[in-house]
Amino acid sequence: MNGARAAPVLLWFRQDLRLSDNPALTAALERRAPLIPVFLWSPEEEGDWPPGAASRWWLHQSLAGLSAELEKRGSRLIFRRGPAAAALSRMAAELGASAVLWNRRYEPAAVAREREVTSKLEESGVIATSFNASLLFEPWTIRNSSEQPFRVFTPFWRACLSKPLAPIGEDAPKRVPSPEQWPHSLRLAELSLEPTVDWAGGFRQVWQPGEPGAKSQLRRFLREGLVEYPVNRDKPGLVATSRLSPHLHFGEISPGEVQRAIVGVENGNRAAVDAYLRQLGWREFAYHLLYHNPESPHQALRPEFAAFPWRMHAEHFQAWQRGKTGYPLVDAGMRELWHTGWMHNRVRMVAASFLVKHLLIDWQAGAAWFWDSLVDADLANNTLGWQWVAGCGADAAPYFRIFDPAIQADRFDPGGGYVRHWAPESQHLLPIVDHGEARQRALAALESIRRRRRGSLK
């Protein structure tokens, strides 16, 4: 033994911004070598879906929190710009790193980038290894009886439930071994993630981005929301859902930790446990669909919808964006979104349905607006949700199922508290379209593609 220090290891943080239950971090620590955590900002590598404004705000806060947690453990987070393959290869050469470790992503652009990173590093003799940190089941591990990907949720989730619970991950380390000399790093502020005009005041009132915030939100839900979840989850006026979606998207908490926590407090509340786990299942299904259908963010999974007669009415679209449609539940949801970066799931369905069915505006326009406005903007979930509402996706709600916003408000906001909070004057606005007329237009549009399809089959 000559006492020489082991070659350092690079840990590439991405959408796994936590220190507990982080497989790549655990594997890096097991190498007993100096560890250099790095975050690369390269939105140009996200294809058509670079992080939106709300996501960038959240990302800044989460990175600041992760950096502080690493510093408590004698480490630090290095910030650099991409492209990833060139940046990681250059850093590995600069530092004499033996390996680069990271946790996988599953979006089409991210998958392509990981392949490029792996190839570039291995050409240089650097070990490149990735892990699963963001899903209960990776997309290629769940198959139907014909060994094909699923297209319907219920059998997909049944197959998932036949698998064992996610294994328990490691706690956050008390110390992280550091190199003798740290490489150059940009300042977090130099990534320009936060808005230059401070429109995020409402975000700060509602959210605590970062791993501690994620764990706090989970504890709150277990304490206050889980038991009544099946009854209250569709009531937007209550804080009755877990609100973990942005934390899961940015990897501040793992779905495995959430799953184990929910199952661990069953205590006779099996219906509540099953109802919430089913929502985790929809998240898994969204990634399953995106991975096996990488064209889906831009293309309906049901091909006949390529001929759907969408129309863009700019004034109507702007009224929808601003929460000025004259339909109180829709307007309340859109204003909640603008103020907090989030919208209750039931209201998301109603607001999205209004856009694609009452206004006949293409679901992709709505998906783009949500992408920029949501703190939990997630390509898999966003795509699944919009294609589901538009009736053009896998296992989607039929297009002819057209929500009446007034009936939805009576059913799920019976006291009107949610509407009064977010859009008190909307009840006095004239609706921009008549529900009955809009419904007939939507059904006529659907019939037009059915006729076209019937004609093509003759």
With no solvent and one equal point scatterer placed on each C-alpha of the stretch 334-458, evaluate the Debye formula and give log10 I(q)/I(0) for q = 0.09, 0.10, 0.11 Å⁻¹, two decimals.
-0.28, -0.35, -0.42
Could you tell me how many degrees, from 0 to 90 and to the nearest 10, lie between the Cα long axis of helix 255-264 and the main elongation axis, the longest principal axis, of the Cα atoms of the chain?
70
Residues Cys160, Cys392 in order from fewest to most other beta-carbon atoms within 10 Å are Cys160, Cys392
Could you give P(r) for the stretch 76-231, binned at 5 Å from zero, as whole percent values over all Cα-Cα pairs?
1, 6, 9, 12, 15, 17, 14, 12, 9, 4, 1, 0
If Lys120, Lys72 are placed from fewest to most neighbouring beta carbons inside 10 Å, the sequence is Lys72, Lys120
Restricting to Cα pairs under 8 Å and 6 or more apart, the percent relative contact order of the stretch 325-458 works out to 34
With T = 10 °C, eta = 1.306 mPa s and Kirkwood Rh from C-alpha pairs, the Stokes-Einstein D of the stretch 76-131 in µm²/s is about 137
Along each principal axis of its Cα atoms, how long is the stretch 250-408 end to end? Whole angstroms, biggest number first, please.
50, 34, 28
Cα gyration tensor of the stretch 1-80 diagonalised, 5x eigenvalues square-rooted, in angstrom largest first, produces semi-axes 28, 14, 11
Value of relative contact order over the stretch 9-133, rounded to a whole percent, pairs C-alpha under 8 Å and six or more apart
34
Unit Cα scatterers, Debye sum, the stretch 9-133: log10 I(q)/I(0) for q = 0.11, 0.19, 0.23 Å⁻¹
-0.35, -1.11, -1.63
The chain, relative contact order in percent, only Cα pairs under 8 angstrom and at least six apart counted:
18
Tell me, Kirkwood radius of the chain from alpha-carbon pair distances, in Å?
23.6
Kirkwood-based Rg over Rh for the stretch 161-223 (C-alpha set), two decimals?
1.10
In degrees, nearest 10, range 0 to 90: what is the angle between the Cα axis of helix 108-123 and the longest Cα principal axis of the chain?
10
Charge context of His249, other residues only, Cβ under 14 angstrom, K/R +1, D/E -1
-2
Alpha carbon centre of the stretch 121-153 versus the stretch 220-237: separation in Å?
32
Cβ-based net charge around Leu66, under 9 Å, with every Lys or Arg adding one and every Asp or Glu removing one
-2
Among residues other than Ser75 whose Cβ falls under 12 Å from its Cβ, what is the net charge (Lys/Arg +1, Asp/Glu -1)?
+3
Looking at the stretch 247-337, I'd like the Rg to Rh ratio, where Rg is from alpha-carbon atoms and Rh is Kirkwood's inverse mean 1/r.
1.11
Where a label projected 7 Å from the Cα of Val231 along Cα→Cβ would reach, residues of the stretch 384-425 with amide N under 12 Å
none
Against the longest principal axis of the chain, how steep is helix 53-72, in degrees 0 to 90 to the nearest 10, with axes from Cα atoms?
30
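A short reminder: the numbers here are calculations on the coordinates, not readings from a lab. Keep in mind that this is a model prediction, so the values were computed, not measured. Backbone-built Cβ (ideal geometry, glycine too); neighbour counts: all protein chains shown.
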